[in-house]
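Novice: Input: one structure, supplied below.
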Amino acid sequence: MDPTHATLTRRQFLKAGAGAGLGGALALGMNLRPIASHARSLKVAGAKEFASVCPYCAVGCGTLI
């Protein structure tokens, strides 16, 4: 591998894109308050969290559902 060429992983690319997108939206004056107030009015607003185990592999990571 040539050390002059930097490698960019998919994860790094997505993190950079998400950060740039959110930063750009906030810099343009996007207000997130209406979105937050709408989220509080959803059907799941009074839902309770329960600890469970992810069923997709044998590792058994904990997840909140």
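Novice: Considering only residues of the range 21-43 that are over 29 Å from ILE65 (Cβ atoms) and part of a loop (DSSP other than H, G, I, E, B), which is modelled with the highest pLDDT?
Specialist: Keep residues of the range 21-43 that are over 29 Å from ILE65 (Cβ atoms), which gives 23-31.
Of the ones still in play, those that are also part of a loop (DSSP other than H, G, I, E, B) are 28-31.
Values: LEU28: 69, GLY29: 69, MET30: 69, ASN31: 73.
So, considering only residues that are over 29 Å from ILE65 (Cβ atoms) and part of a loop (DSSP other than H, G, I, E, B), the one modelled with the highest pLDDT is ASN31.
Okay, residues lined up against (1) at pLDDT below 75; (2) surrounded by 10 or more Cβ atoms within 10 Å (Cβ to Cβ); (3) part of a loop (DSSP other than H, G, I, E, B); (4) of a type in the set (Asp, Glu):
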{"site": "PRO3", "(1), (2), (3), (4)": "yes, no, yes, no"}
{"site": "ALA6", "(1), (2), (3), (4)": "yes, no, yes, no"}
{"site": "GLY19", "(1), (2), (3), (4)": "yes, yes, no, no"}
{"site": "ALA45", "(1), (2), (3), (4)": "yes, no, no, no"}
{"site": "PRO55", "(1), (2), (3), (4)": "no, no, yes, no"}
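The values are calculated or read from the model by the stated rules, or taken from the named source; none is laboratory data. Computed from a predicted structure; not experimentally measured. Positions of Cβ are backbone-derived with ideal geometry, glycine not excepted, and every protein chain shown enters the neighbour counts.
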